[in-house]
Amino acid sequence: MRGIMSILSRSNAAPSEKATDLEPLPRPALWLRERFTGYLSTRVTDHDFQAGWSAGQRSRDHGFFGASEGHEDVPGRSDATSVELVLTIGFDDLEALLRDHGIPGRPSGSVRVPFLSRDELTVVGGEFVLVDPDPDQVETWHVRYRLDLVADDGERYVLDGFKTLHDRPGFDAWSDTTTLYLTLRTAGGQVLGAGIARVERRDFLRALRAVEVRGVADPGRRRRYELAVAKLFAGYLLRIYGGPLDEARRFPAAPGRSPASPPRRQLRLPAPEIRWCGAGSHWHEGSDVGADGWLRLIRYQGGTRGPVLLASGFGMSTGAFLADTIRTNLTEFLVEHGYDVWLFDYRASIDLPSSASQFTLDVIATEDWPTAVAEVRRVTGAADVQAYGHCVGSGSLLMALATGRLPDVRSAVCAQFPLHPVTSPLNRFKTELHVGEALGDLGLKLVRPGRFTLPNVAVDLALRALPMAGPERCGQALCRWINGIYGCTHRHARLNQATHEALNDMFGVGNVTALRHLALMMRGSLVVDDAGRDVYTRNPEFLRLPIRFLQGTDNYIFLPDGSERTMHWLREANGPDLYSRSLLPGYAHLDAIIGRDADRDVYPLITGHFESDGAA
């Protein structure tokens with residue numbers, strides 16, 4: 001094949017052709033060739049590949065490579081070595097590869113590691129995987145190599161290598177696709193060294209020219225297969241590094257997963273008990289919420305330590321507490337620790353019809369929280385409850401407590417949203433522009449992440465201009481939309497890929513009236529009612545109960561200064577013993593609930609507070 005780019009200009013026909021009755025068509029195969037050169041160090045036995053490369057460069061610069069390389073009896077011998085890989089990768093069934101890109105290929109060729117042998121090591125087996133999605137990292141793929149090597153003296157070794165494909169600020173497609181991270185082992189698994197090998201530009205061009213489709217005699221049919229291979233490679237490059245050329249079409253489908261939705265994995269939970277509240281504050285049992293539904297409670301009875309209410313953020317639902325893309329979600333964690341867990345969907349929940357109506361946070365605090373707590377106490381017969389609130393779930397919980405309407409909450413964990421919210425410069429700028437009021441004046445009553453329409457594509461392109469930390473930029477339209485509406489809710493480094501994709505299920509409609517109320521609080525760095533009156537910090541004695549504040553150090557929406565101010569104010573009023581604050585290093589906002597390692601880093605802080613002597 002004369003190179004990937006030249007192939008793209010050829011026929012657009014699909015790589016399929018019926019066999020004649022007289023002669024079956026041979027099975028097409030694909031052959032690739034690559035050459036890497038680099039260095040590794042025998043002192044590097046972990047994953048510090050750059051250290052192995054650097055050690056090799058230093059040895060080369062000091063003249064240790066050459067005749068002395070690989071000879072223990074030569075004075076001045078280095079602990080680093082050069083490495084050269086000359087490989088041919090064969091896919092015996094090209095059609096299978098085009099259907100399933102993860103099908104492995106067969107490597108062959110040679111590897112030169114002078115530290116081990118003067119002569120080349122022969123590749124006698126192994127595996128090559130063209131694309132391997134990384135489940136633990138957002139929008140990250142790997143190209144994987146495993147080479148089984150044998151030396152002339154019969155000694156066997158294994159050389160593992162991988163490339164990491166992930167879009168970062170700047171032009172990184174070249175370095176990602178030409179950099180191979182290496183680990184050399186004995187056949188028994190002992191690590192001998194690690195380093196890096198790279199493809200030089202001239203070798204890259206040779207590799208493009210050497211891509212070959214075999215087993216197809218007909219020139220036209222062979223060109224169609226070559227075009228399919230070119231599209232396969234170009235498609236992945238576009239998907240990973242294409243930016244606006246690929247991202248504009250990646251909009252979410254309709255959000256929301258009901259409690260009856262099939263899980264992505266089997267949840268370790270008892271059967272849920274679901275009840276919802278409708279007109280006249282009348283409670284109903286069952287998962288089918290009526291058109292008048294404005295509250296919902298989902299119970300997972302795990303033991304006798306509860307009940308505990310969990311309330312989520314604005315424009316979401318308590319489905320975030322049931323994330324089936326992480327090894328343990330918060331509901332499972334609490335159930336496993338013996339709590340009677342109640343997921344509390346207040347009227348802003350995207351799973352409820354009420355989310356499309358207009359309301360303020362005052363109503364959530366003064367009506368929704370007291371109604372839900374009273375129902376939990378009625379059903380369980382408990383004298384009091386404990387509560388966890390995230391974002392608006394936290395802010396409205398503190399507001400409800402501050403009005404004296406929740407005397408039956410004996411302890412609380414309030415995450416991210418305190419009574420003295422301090423926001424980012426970008427969010428402060430948006431509130432100073434009175435965007436919510438402007439949207440209302442234009443007749444817009446609801447905001448929601450955009451679906452794929454031409455106007456939304458135009459808005460999405462405009463949202464790219466909004467400031468966002470480089471590591472948080474990704475190809476998913478939803479992340480740009482929630483950054484524009486609320487602010488960046490998560491650190492991508494804290495999510496796995498499945499959770500990143502599941503964000504599309506978690507966010508939905510939000511009403512402009514509530515957003516305008518939130519903006520009013522952000523402008524004054526104080527929780528106030530919808531009229532701007534300071535009604536929630538007049539009676540700190542109503543908040544005389546154990547409260548732990550959780551705050552992500554990298555929260556782009558609510559800065560840590562806010563929870564520090566609230567805790568200081570409470571300690572001044574009610575003494576220091578009831579209040580504590582835990583900073584979450586490297587976490588932002590929502591990732592403290594759905595993060596890959598939240599069950600290790602965050603959840604124990606919640607149960608630790610509920611189990612403490614002060615909260616008992």
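Quick notes
- In the range 361-391, the residues that are within 31 Å of the chain's Cα centre (by Cα) and either hydroxyl-bearing (Ser, Thr, Tyr) or assigned to a loop (DSSP other than H, G, I, E, B) (or both): Tyr388, Cys391
- Out of Ser281, Ser312, one residue alone is in the same structural domain as Asp599 (by TED's automatic domain parsing), touching a helix residue (DSSP H, G or I) at 6+ places or on another chain (Cβ under 8 Å), crowded, with 24+ Cβ neighbours inside 10 Å and closer than 20 Å to Ser396 by Cβ. It is Ser312.
- Of residues in the range 553-570 being surrounded by 17 or more Cβ atoms within 10 Å (Cβ to Cβ) and hydroxyl-bearing (Ser, Thr, Tyr), the one nearest to Thr489 (Cα to Cα): Tyr556
- Any hit, the range 483-492, residues being modelled with pLDDT under 85, surrounded by fewer than 20 Cβ atoms within 10 Å (Cβ to Cβ) and more than 17 Å from Arg168 (Cα to Cα): yes
- Inside the range 315-341, residues that are over 19 Å from Gly395 (Cβ atoms) and surrounded by 21 or more Cβ atoms within 10 Å (Cβ to Cβ) make up a count of 14.
- Among the candidates Gly102, Gly90, residue that is surrounded by fewer than 18 Cβ atoms within 10 Å (Cβ to Cβ), modelled with pLDDT under 95 and within 38 Å of the chain's Cα centre (by Cα): Gly102
Conditions (1) in contact with a His (Cβ under 9 Å, 6 or more places away or on another chain); (2) part of a loop (DSSP other than H, G, I, E, B), marked per residue:
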| position | (1), (2) |
| --- | --- |
| Gly487 | yes, yes |
| His490 | yes, yes |
| Glu501 | no, no |
| Leu515 | no, no |
| Asp530 | yes, yes |
| Arg548 | yes, no |
| Tyr556 | yes, yes |
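- Residues that are under 27 Å from Leu208 (Cα atoms) and either acidic (Asp, Glu) or modelled with pLDDT under 95 (or both) within the range 135-163 comprise Glu139, Thr140, Trp141, Asp148, Asp160, listed in sequence order.
- Pairs where the first residue, in the range 76-105, is not assigned by TED's automatic domain parsing to the domain that holds Phe233 and the second is modelled with pLDDT of 95 or more and of a type in the set (D, E, K, R), C-beta under 6 Å, 6+ apart: none
- For the range 591-613, the count of residues that are more than 23 Å from Gly338 (Cα to Cα) and under 18 Å from the mean Cα position of the chain (by Cα) is nonzero.
- Subset of the range 315-344 that is free of Cβ contacts under 8 Å to residues at least 60 places away in the same chain and within 24 Å of the chain's Cα centre (by Cα) - its residue that is farthest from His609 (Cα to Cα): Thr318
- Out of Arg275, Arg296, one residue alone is surrounded by 24 or more Cβ atoms within 10 Å (Cβ to Cβ), part of a strand (DSSP E or B) and either of a type in the set (D, E, K, R) or on the phi > 0 side of the Ramachandran plot (or both). It is Arg296.
The values are calculated or read from the model by the stated rules, or taken from the named source; none is laboratory data. Small disclaimer: the values here were computed from a predicted structure and weren't measured. Cβ atoms come from the backbone with ideal geometry, glycine included; neighbour counts cover every protein chain shown.
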